[in-house]
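S.K.: Take a look at this one; I'll ask things after.
Computed from the coordinates by the stated procedures, all read-outs in this text should not be read as laboratory data. This one's a predicted model, so the numbers in the text were calculated from it and none came from an experiment. Please note: Cβ atoms are built from the backbone with ideal geometry, for glycine as well, and neighbour counts cover all protein chains shown.
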Amino acid sequence: MRSSTWQLGLATGLGILAAVVLSYGTNSNARRATAQQVLGGAQQTGDASAEGQVTKAVAVVHPLGDSKMAGKVVFTQQRGGVEIRAELTGLTPGEHGFHVHEFGDCSMASGECAGGHFNPTGAPHGAPNAEKRHVGDLGNITADESGKAAYHRIDKMIALHGERSIIGRSVIVHAGRDDLTSQPSGDAGARIGCGVIGIADPKMQH
């Protein structure tokens with residue numbers, strides 16, 4: 001009698017243990033499948049946050065040499081390209097060459113440490129709408145009589161990631177007008193403003 005009771009208890013215990021193991025395995029598989037579905041969904045929708053792509057950048061432009069100019073340039077990824085918005089002050093009235101340069105270095109008063117125009121494709125200098133141009137060719141920004149200037153453009157050549165990414169490079173403002181044709185840089189004169197382009201928080205209003 002005692003032996004039968006012991007055997008019945010053992011069988012019951014083994015049955016409970018098997019049920020627990022089976023339940024844990026089923027739940028683990030379900031959790032794994034759910035995680036894979038979420039990850040797969042993010043990849044299929046091209047979620048920028050999942051891919052870690054930059055969607056916004058900003059450059060705070062500081063004066064070079066004896067210049068009094070200052071301002072800010074914001075780059076925002078849009079469906080049709082990169083939107084560029086700039087607001088500058090302290091300029092002489094008229095047009096000023098406005099470009100993205102190769103290096104994010106504004107440490108010298110002359111601005112020469114920023115290098116030449118950002119030109120990863122080896123194209124000739126040209127106007128912003130030219131078929132062949134430097135990636136950094138943004139043309140001119142025009143100041144009014146008070147020295148204030150604004151710029152707005154959707155550019156299809158500049159990028160915030162990949163080979164044509166401007167992240168870590170610099171915005172340069174020139175003393176004179178870019179004639180859009182002279183090689184290699186439009187004969188725009190001295191560099192009077194420089195700002196390094198950094199990644200911006202897309203949730204911030206700039």
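S.K.: Tell me which lysines have Cα within less than 29 Å of K132's Cα, excluding those fewer than 8 residues away on the same chain?
M.R.: K56, K72, K156
S.K.: With an 8 Å cut-off on Cα pairs and a minimum separation of 6 or more residues, tell me the relative contact order of region 53-157 in percent. Show your work: numbers first, answer last.
M.R.: Details: 219 pairs, mean separation 29.7, N = 105.
RCO, region 53-157: 28 percent.
S.K.: Would you mind counting up the charge near G97? Only other residues with Cβ under 10 Å from its Cβ, with Lys and Arg at +1 and Asp and Glu at -1. If you can, show how the numbers build up before the last one.
M.R.: On the way: positive: R177, R191; negative: E95, D137, D178, D179, D187.
Result for the neighbourhood of G97: -3.
S.K.: Using a Förster distance of 30 Å, how high is the FRET efficiency between R85 and E163, based on the Cβ-Cβ distance and rounded to 0.05?
M.R.: Values: r = 24 Å, r/R0 = 0.79.
After rounding, the FRET efficiency stands at 0.80.
S.K.: If the cut-off is 19 Å between C-alpha atoms, which aspartates and glutamates fall inside it for K203, apart from same-chain ones fewer than 8 positions away?
M.R.: Partners within reach: D47, E51, E83.
S.K.: Quick check: residue separation of S146 and E131 times 0.36 nm, minus the Cα distance between them. What number comes out in nm? It would help to have the intermediate numbers written out before the result.
M.R.: On the way: separation 15, 0.36 × 15 = 5.40 nm, distance 3.41 nm.
Answer, rounded to one decimal: 2.0 nm.
S.K.: How do M108, M157 rank when sorted from fewest to most other Cβ atoms within 10 Å of their own Cβ? Display every interim value, and only then the final one.
M.R.: Values: M108 13, M157 17.
Ordered by Cβ neighbours within 10 Å, fewest first: M108, M157.
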